[in-house]
1. Please determine whether any residue of the range 439-454 is within 21 Å of Tyr584 (Cα to Cα) and either out of contact with any Lys or Arg (no Cβ under 6 Å at 6 or more places or on another chain) or crowded, with 16+ Cβ neighbours inside 10 Å (or both).
2. Please work out if Tyr280 is at pLDDT 90 or above, among the aromatic types (Phe, Trp, Tyr) and either in contact with a helix residue (DSSP H, G or I) (Cβ under 9 Å, 6 or more places away or on another chain) or more than 21 Å from Pro225 (Cβ to Cβ) (or both).
3. Taking the range 34-58 only, how many residues are over 28 Å from the mean Cα position of the chain (by Cα) and modelled with pLDDT of 80 or more?
4. Where in the range 1-105 are there strands (runs of 3 or more DSSP E), lying wholly inside it, with at least 2 residues that are basic (Lys, Arg)?
5. Only residues that are at pLDDT 90 or above and in a loop (DSSP other than H, G, I, E, B): list them for the range 459-483, please.
6. Among the numbered conditions (1) surrounded by fewer than 17 Cβ atoms within 10 Å (Cβ to Cβ); (2) closer than 28 Å to Ala139 by Cα; (3) among the hydroxyl-bearing types (Ser, Thr, Tyr), tell me where Thr229 comes up short.
7. Looking at this structure, is Leu321 crowded, with 18+ Cβ neighbours inside 10 Å, under 27 Å from Val386 (Cβ atoms) and either assigned by TED's automatic domain parsing to the domain that holds Ser82 or in contact with a strand residue (DSSP E or B) (Cβ under 8 Å, 6 or more places away or on another chain) (or both)?
Amino acid sequence: MKNIVIGMLAHVDAGKTTLSEGLLYTGEVIRKLGRVDNQDAFLDTDKLERSRGITIFAKQAVIKTADTYFTLLDTPGHVDFSAEMERTLSVLDYAVLVISAADGVQAHTRTVWRLLEQYNIPTFIFVNKMDQPGTDRDALMDSLQRELSGCCVYFDEKREDFLENLAMCDEACMEEFLEVGDVRKETKAEAVRRRNVFPCVLGSALKLVNVDRLFKLLDEYTIMPEYGTEQFGARVYKISRDEQDNRLTYLKVTSGVLKVRQLIGEEKAAQLRIYSGSRYETCDAVYPGMVCAVLGLTDTFPGQGLGTARGNVHAVLEPVLDYRIKPVDDITPAKLLLYLRELEEEEPQLGIVWSEELSELHVKLMGEVQTEILKSIIKDRYDIEVEFDEGSVVYKETVAGKTEGVGHFEPLRHYAEVHILIEPGERGSGIVIDSACREDILDRNWQRLVMTHLAEREHKGVLTGSALTDVKFTLLTGRAHQKHTEGGDFRQAVYRAVRHGLMKAQSVLLEPYYSFTLELPQSLLGRAMTDVERMSGHCDAPELSEGRAVLTGRAPVVCMRHYQREVNAYTRGEGHLTLFADGYDICHNAEEVIAQRGYIAEADTANPASSVFCSHGAGFVVPWEEVEDYMHLEAVLLDDGSLRELNDEELALINPLAAARSRMDDDDRYAIGTDEIDAIIARTSHANSHDKGGGKAVEEKPQQCGLTGGV
């Protein structure tokens, strides 16, 4: 029997949960069809979901046929809960994308489609609500092929047309069609698996029209991935808690077998549960391709790879709004923070931050609906009333050109120097890390450590202190001491190198954008287009039909987030605005935002751009502007943006002064006292605010402070 994990995805109100209900009924899992509006849907088990009529949390159900063990994952469709939807993608074998025939391909549908492409998930399409008046099958198929993929194939059209369309999408299908005039089921299934063909079914989930057809296609045209059978591996996709407050780790086994009481790292799988709706069964073992909930694990997190499943999956969709959260009830911020940290395990993108200076708690969210849900969860779970402010936009930063950052860290019996190339990446690429350093310059183990330190923290930009993104870091060169280099030395050197490079670079402020769909009376179209221009956005050519207009486009979040109120006012309730997070782009009013934020990079004591050097028994701090005058390794980035290649002869001649220093007697080289180590690190935090006249020697008897980064 093949094990297949299928995700149900859609824009809100497309009928995804209703279709899931229909599949469960068709698969004889339930005997009676529930309905979202009746608050009795099998997979909407949470009272918040039932009261609001939307899916908030991903749910699981099991459907068995003679040949297949299906795990069905129903995901949220509302844009505010996109992160919950995206987390399931890392464990899906196939997806069913539900599209409303009345609404067609919407902006959020395109976002989901791009995610499916990025995660390389084969996809079936169910066009729902075909029973509604005015639906046109041919027009809908044309729309799918135009807006999603030309390989969207209607599986119930005339046989000859169907085979010709298959042949146009997949080479193997074409070869069989030309040779024998037909295409085998196995060949079709392989074309679907390779994402060369996207089977389409048109029907009505509510009236069970063609739900059985979709179910049959899923059974016939899905192929179980090849899994390892020896060592255990799994991918975590969700953390939650049951009614008894037990912590549950939801995961998919990707290799080997997971047995009850088996060790995962240093923790034991105390219980294995297979959920179907709100009910579950315990089991002794879970096999490759199956999804289960595990009790007993306390350090897991969504996206984490366990065992042979190497690496962690990082989300593409991110919250764009930052809210200050404050308790209404009498509770200390420390206790509220403790509760929020627990919720953050389940929703990592909350990004809980406690500002010591302002004595404020901040949380990152997708929008106002999510704030209402979070408020309800905190009340239900902890019996605490909280309020949110209006929120502010989450800005980010990137760079516009190449620069070489240098970090040097050399207090008593410690040594590390690294040179990092910082260059802009593609928009939406996040942080990419690479190495161009030869192993005869810096050993592979040290290079791996540098990579780890580059990836382990969120680096701040120098314009507003916002997170850095769309940047590629490349290790150019580095140096370690045979006796005195420790791992923490490279942490300090890497952090300083990144900061040093950013201080030299041309930084660019980024802001989040919404893609929008605005439907309103045609007579008000001019007003709407003027508003979009005023909000520094742009729009496509409007679609006009029967006195109504549909306007689509893109605009900054900060300008459009409250626009629905204006739409309601000037259309007298006849207009409808839908917003979807659409990544980051260049800030439309960067100078104004930078001035408002008032961030001073050189005063950020937690992120120093200076370096620590040592000479003749005295440690001293060198401000970032002068680091290149003291560095031990020569620069690799040339003025024309190319990298300097080093041959063997050059390697022996690299910076003779540095080579001489490496041969110095240890007693002379490391003559400063041990009580200065912590002080050097602490004092370098303030180096950027020092006089730039030269390197500052460490005082003879400094007052000890805490580490800024730790060694």
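The values are calculated or read from the model by the stated rules, or taken from the named source; none is laboratory data. Keep in mind it's a predicted model, so treat the numbers as computed, not measured. We place every Cβ from the backbone using ideal geometry, glycine too, and count neighbours over all the protein chains shown.
1. Step one: of the range 439-454, the residues within 21 Å of Tyr584 (Cα to Cα) are none.
No, there is no match, as no residue in the range 439-454 is within 21 Å of Tyr584 (Cα to Cα) and either out of contact with any Lys or Arg (no Cβ under 6 Å at 6 or more places or on another chain) or crowded, with 16+ Cβ neighbours inside 10 Å (or both).
2. Numbers: at pLDDT 90 or above: yes; among the aromatic types (Phe, Trp, Tyr): yes; either in contact with a helix residue (DSSP H, G or I) (Cβ under 9 Å, 6 or more places away or on another chain) or more than 21 Å from Pro225 (Cβ to Cβ) (or both): yes.
Answer is yes for this residue.
3. Number of matching residues: 1.
4. On the way: elements: 2-10, 59-64, 68-74, 94-100.
Of the strands (runs of 3 or more DSSP E) lying wholly inside the range 1-105, those with at least 2 residues that are basic (Lys, Arg) span 59-64.
5. His459, Gly461, Val462, Leu463, Thr464, Gly465, Ser466, Thr469, Asp470
6. Result: Thr229 passes all but (2).
7. Values: crowded, with 18+ Cβ neighbours inside 10 Å: yes; under 27 Å from Val386 (Cβ atoms): yes; either assigned by TED's automatic domain parsing to the domain that holds Ser82 or in contact with a strand residue (DSSP E or B) (Cβ under 8 Å, 6 or more places away or on another chain) (or both): yes.
It is true that Leu321 is crowded, with 18+ Cβ neighbours inside 10 Å, under 27 Å from Val386 (Cβ atoms) and either assigned by TED's automatic domain parsing to the domain that holds Ser82 or in contact with a strand residue (DSSP E or B) (Cβ under 8 Å, 6 or more places away or on another chain) (or both).
Residue-wise test of (1) in contact with an Asp or Glu (Cβ under 8 Å, 6 or more places away or on another chain); (2) without any contact (Cβ under 8 Å) to a residue 24 or more places away in the chain; (3) more than 30 Å from Thr517 (Cβ to Cβ).
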residue	(1), (2), (3)
Leu579	no, no, no
Asp582	no, no, no
Cys587	yes, no, no
Glu591	no, yes, yes
Ser615	no, yes, yes
Asp629	no, yes, yes
His632	yes, no, yes
